[in-house]
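Below: one structure, written as C-alpha cells.
Just so it is clear, none of the values below were taken in a lab; they were calculated from the coordinates. Being a predicted model, the structure only gives us computed values, none of them experimental. Virtual Cβ from ideal backbone geometry, glycine too; neighbours counted across all protein chains shown.
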C-alpha cells in the first residue's frame, strides 16, 4: 500500500511540475521554474520509492498514463487546449492500457509460452 501512496504523490507532483512548466513560459518566470524543479524532483523520488513494491511496467504505466490524462484535462479546462473526438479517443486508450496492465495478477513469462 505504501507503494501506491508514493505513486500517487509522484503523479500529483508530476502534474504540478508540468503545470508549472507551462506557467514558466520557457523558464522566464522564476517561481514557476522553481515549481518545475521541485515538482519533478519529488515526482521522480516518489516514483523510485514506489518501485520497491510495484513492478516497473505497472508503476510507469500508471504514472505516465494518469499524469498524461490529468495534464490533458487541465490543458483543456485552464488553457483552452483543443478538444475533439480524437482527444477523447486518446484519453480512453491511455486509461484502457493502464487498466489492462493493472488487471493482470501474475504476468506470464514469454519464454515459458514459447517452449
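Residues to consider are 57, 43; find the one that is in contact with a helix residue (DSSP H, G or I) (Cβ under 8 Å, 6 or more places away or on another chain), surrounded by 18 or more Cβ atoms within 10 Å (Cβ to Cβ) and assigned to a helix (DSSP H, G or I).
43
Looking at the stretch 65-96 only, could you name the residues that are under 20 Å from residue 55 (Cα atoms) and loosely packed, with under 13 Cβ neighbours inside 10 Å?
Within the stretch 65-96, 96 is the sole residue that qualifies.
Sort out which residues of the stretch 1-36 are outside any loop (DSSP other than H, G, I, E, B) and either farther than 21 Å from residue 66 by Cα or more than 18 Å from the chain's Cα centre (by Cα) (or both), and write them in order of number.
Across the stretch 1-36, the qualifying residues are 23, 24, 30, 31, 32, 33, 34.
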